[in-house]
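Undergrad: Pasting a structure here, questions to come.
Every number in this text was worked out from the coordinates using simple rules, so none of it is lab data. Not measured: the values here are computed from a predicted model. Every residue, glycine as well, gets a Cβ built from its backbone with ideal geometry; the counts of neighbours run over all protein chains shown.
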Amino acid sequence: MKMGDKEINRKLFENHDLILTVRNLDIKLNLNGELVSVIDKIDFDLWTGSTLGIVGESGSGKSILCKALLQILPLGAKVSGKVNLYLPDGEILNLLSLKPQEMISVRGKKIGFLFQEPTTSMNPVLKCGKQVFDSLVDRLRRNKNIGMQRVTELFELVGLSDKEKIANSYPHELSGGMLQRVAIAAALAGEPSILIADEPTTALDASLQRKILQTLSQLQKKFDLTLILVSHDLNIISNWTNNLLVMYSGRIVEYGQTAKIISSPAHPYTQALLETERSFEQKGLPKSIPGALPAISNKPSGCQFHPRCYYTDALCQVDEPDILVAGHGGGTRCYYPLTKLIEN
Ligand SMILES: Nc1ncnc2c1ncn2[C@@H]1O[C@H](COP(=O)(O)OP(=O)(O)OP(=O)(O)O)[C@@H](O)[C@H]1O
Ligand SMILES: [Mg+2]
């Protein structure tokens, strides 16, 4: 049975409503005048109030995928497929068909975003209070007093106690943890229903990481937020996400419920990621899989992972299956999955 089939996914997440669907998403970037594929026919569903993790090695396409949802791709990018955003009033927006002007009402307002480095996403010459104020929804921005009151409320919600001082500080005057909290306040100021957090804690130490993730989780419950959480760290993915996409070289190689994938991965790449994480924790061994991700301008035929895969054979060198239903109920793109497949 092929995945991408809504019925299967509905069974997996039957208590939630769909908020976003991605179908056949394909992205090519313009590298020195040549179009190269960075995202290859990606399908996934996002369910209201859930947290979707995206994991994969550096360069696998996680950020480009997130940027495509917001239409902030590098100049010259070619995008095809369908990204439907389901609004509470029943309207469906196909984000890829919106004009730049129409995207302004989506970006920050329906889909908020939070990046790895708040220092690069925030304007260095504007005070933090002003930056959050500028991100407010229109009705709050129209009345300065009410707007500033909302900024203070947002600072409180994200766990910043010295609100006046922070509002009057420039980004460089705050610590990394405080700044990321300001960035969360700015990301929520537009009252989005989806928040994309692309490696939001990678620049922070372990205890700050946990505190920021706890704050995000509390805000998620309070506002019924849907989260997309990109991370290299499988511990974070395992503790903070419900569902998971595993990406390799621009493709989804495995997806499903996080806990099931972590306990019983179906794709050799997911298994390799988990093993390197465990051997790093237990034995201090290097945290990387032997070999390297293929260069985007020189991808191998067949399964992209085959040159590094322990289970590879002649078939994998020339061909790769569509996503198949794995034993954990999600999907995997492998002829020799580590859990048995579910037959139609
Ligand atoms: N602006 C750009 N111009 C050219 N190539 C790019 C650009 N941005 C990303 N790429 C390429 O697209 C591929 C996917 O990049 P992406 O940033 O999405 O990876 P990632 O999974 O987010 O990696 P990381 O974990 O390091 O953040 C990479 O090969 C990268 O080099
Ligand atoms: Mg990235």
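Undergrad: So what's the net charge close to Pro300: Lys and Arg +1, Asp and Glu -1, counting the other residues with Cβ under 14 Å from its Cβ?
TA: Within the 14 Å Cβ shell, the charges total 0.
Undergrad: In whole Hz, with x marking every Gly and Pro, tabulate ³J(HN,Hα) for the range 158-171 from phi via Karplus 6.51 cos²θ - 1.76 cosθ + 1.60, θ = phi - 60°.
TA: Rounded to whole hertz, the list is 8, x, 9, 8, 7, 5, 4, 4, 5, 4, 8, 9, 8, x.
Undergrad: May I pose another question? Helix 268-283 against the longest principal axis of the chain: what's the angle in degrees, Cα atoms only, rounded to the nearest 10?
TA: For helix 268-283, the angle is close to 70 degrees.
Undergrad: Looking at the square roots a ≥ b ≥ c of the eigenvalues of the Cα gyration tensor of the chain, which shape do they give, rounded for a/c under 1.5, prolate if a/b is larger than b/c, or oblate?
TA: Judged from the Cα gyration tensor, the chain comes out prolate (a/c at least 1.5, a/b above b/c).
Undergrad: How much length is gained if the chain between Glu153 and Glu34 is pulled fully straight, taking 0.36 nm per residue apart and subtracting their Cα-Cα distance, in nm to one decimal?
TA: 38.0 nm
Undergrad: How long is the gain from Glu281 to Thr119 if the chain were fully straight, where each residue apart is worth 0.36 nm and the alpha carbon distance is subtracted?
TA: Numbers: separation 162, 0.36 × 162 = 58.32 nm, distance 2.97 nm.
Length gained between Glu281 and Thr119: 55.4 nm.
Undergrad: So how do 24-34, 315-325 stack up, highest first, on mean other-Cβ count within 10 Å?
TA: So the order, starting with the most tightly packed, is 315-325, 24-34.
Undergrad: Now for a different question. On a 23 Å Cα-Cα criterion, which of the cross-link pairs Lys144/Lys165; Lys62/Lys287; Lys109/Lys130 come out too long?
TA: None, as every Cα separation is 23 Å or less.
Undergrad: Within the range 147-230, list the GluC sites (Glu not before Pro) lying in a DSSP loop whose Cβ has at most 12 other Cβ atoms in a 10 Å radius.
TA: Taking the range 147-230 and a limit of 12 other Cβ atoms within 10 Å, no loop GluC sites (Glu not before Pro) are found.
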